[in-house]
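Data first, discussion second: the structure below is written as structure tokens.
The values are calculated or read from the model by the stated rules, or taken from the named source; none is laboratory data. Just so we're clear, the structure is a prediction, and the values are computed from it rather than from any experiment. Note that we place each Cβ from the backbone using ideal geometry, even for glycine, and neighbour counts take in every protein chain shown.
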Ligand code: AKB
């Protein structure tokens with residue numbers, strides 16, 4: 001049985017992953033940590049929770065020892081759009097968090113899962129079916145921290161034998177915890193606004209394709225890669241994975257099938273648009289499929305049905 005410490009447990013991925021891992025590994029075997037403390041959150045009240053700033057290496061190390069964990073899932077990070085508002089701080093938080101985690105994994109012989117992103121690619125990466133191994137010269141600070149993180153994780157694996165693993169996530173869509181500060185967030189906002197106001201203006205322009213994935217598939221991919229047989233992994237940091245790719249028109253048409261009077265338009269944000277344009281239209285997940293059996297259940301139409309049902313039952 002694993003004992004996992006999660007950083008960023010109150011964030012978009014963390015809040016759902018914590019609940020899933022508490023079911024998979026048992027409540028006492030999942031140590032949720034976050035810089036924030038939200039008293040009425042289920043993550044805080046329904047299992048082990050510790051307040052932690054990932055830039056505080058001493059506390060991180062003490063908590064890993066105190067709870068005798070064998071794996072760290074490091075999620076705490078600033079995303080792409082917010083990262084462009086404070087690039088220096090994004091470098092500091094994303095990189096010092098990761099280097100602290102890597103050192104503790106080395107010292108205490110722990111395994112590490114930490115996600116990268118499609119943001120690790122840039123303008124001169126191949127645009128369609130972007131390969132696993134290719135040019136990575138991202139134009140955002142978030143992307144720069146993701147490429148640096150991939151390289152550092154590979155280094156710790158090769159040099160020190162730390163079992164590091166990661167995926168390059170596309171935009172993640174979920175009805176539970178809203179994302180904050182990402183470029184792909186329009187594909188979450190659109191569902192909330194379609195139900196609440198029957199209209200939405202996309203901050204991403206017509207024709208801009210990006211890869212996306214529904215959260216249940218993303219969580220399963222994390223568990224599958226953590227559990228994968230290490231001897232079969234040729235790559236480690238980080239695997240391309242994706243479940244669908246669409247532009248704003250396609251997701252709005254899908255929603256209109258269920259909400260025919262939904263009005264859709266554009267109010268393009270130049271900063272997030274230029275970030276989106278620097279990312280791939282679609283990435284190639286072949287290595288993840290071949291090396292650890294990555295798969296997914298939700299395409300755009302299945303996800304849309306589920307999102308609208310789940311948000312409606314939450315009273316949105
Ligand atoms: C973002 O938009 O910044 C994230 C990502 C693709 O990593 N959702």
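The set of residues in segment 246-290 that are more than 19 Å from the chain's Cα centre (by Cα) and part of a loop (DSSP other than H, G, I, E, B) comprises 247, 257, 258, 259, 260, 261, 262, 267, 268, 269.
Out of all the residues in segment 266-287, which are in contact with a helix residue (DSSP H, G or I) (Cβ under 9 Å, 6 or more places away or on another chain) and more than 16 Å from the ligand (Cβ to nearest atom)? Selection gives 266 alone.
The listed residues are 231, 174, 252, and the only one of them that is over 25 Å from residue 10 (Cβ atoms), surrounded by 16 or more Cβ atoms within 10 Å (Cβ to Cβ) and at pLDDT 95 or above turns out to be 252.
Would you mind listing the strands (runs of 3 or more DSSP E) fully within segment 154-214 where at least 2 residues are within 16 Å of the ligand (Cβ to nearest atom) and under 17 Å from residue 300 (Cβ atoms)? Per the criteria, 171-173, 210-214.
Looking at segment 131-142, is at least one residue near the ligand (Cβ under 9 Å from one of its atoms), within 16 Å of the chain's Cα centre (by Cα) and without any contact (Cβ under 8 Å) to a residue 60 or more places away in the chain?
So the first thing to find is which residues in segment 131-142 are near the ligand (Cβ under 9 Å from one of its atoms), and the list is 140, 142.
Still in the running and within 16 Å of the chain's Cα centre (by Cα): 142.
Next, from what is left, pick out any that are without any contact (Cβ under 8 Å) to a residue 60 or more places away in the chain: none.
No; the residues of segment 131-142 include none that is near the ligand (Cβ under 9 Å from one of its atoms), within 16 Å of the chain's Cα centre (by Cα) and without any contact (Cβ under 8 Å) to a residue 60 or more places away in the chain.
Give the number of residues within segment 16-36 that are buried (at least 24 other Cβ atoms within 10 Å of the Cβ) and under 18 Å from the mean Cα position of the chain (by Cα). Matching residues across segment 16-36 total 6.
Scan segment 84-101 and give yes if some residue there is touching a strand residue (DSSP E or B) at 6+ places or on another chain (Cβ under 9 Å) and within 16 Å of the ligand (Cβ to nearest atom), otherwise no. Looking through segment 84-101, at least one residue is touching a strand residue (DSSP E or B) at 6+ places or on another chain (Cβ under 9 Å) and within 16 Å of the ligand (Cβ to nearest atom).
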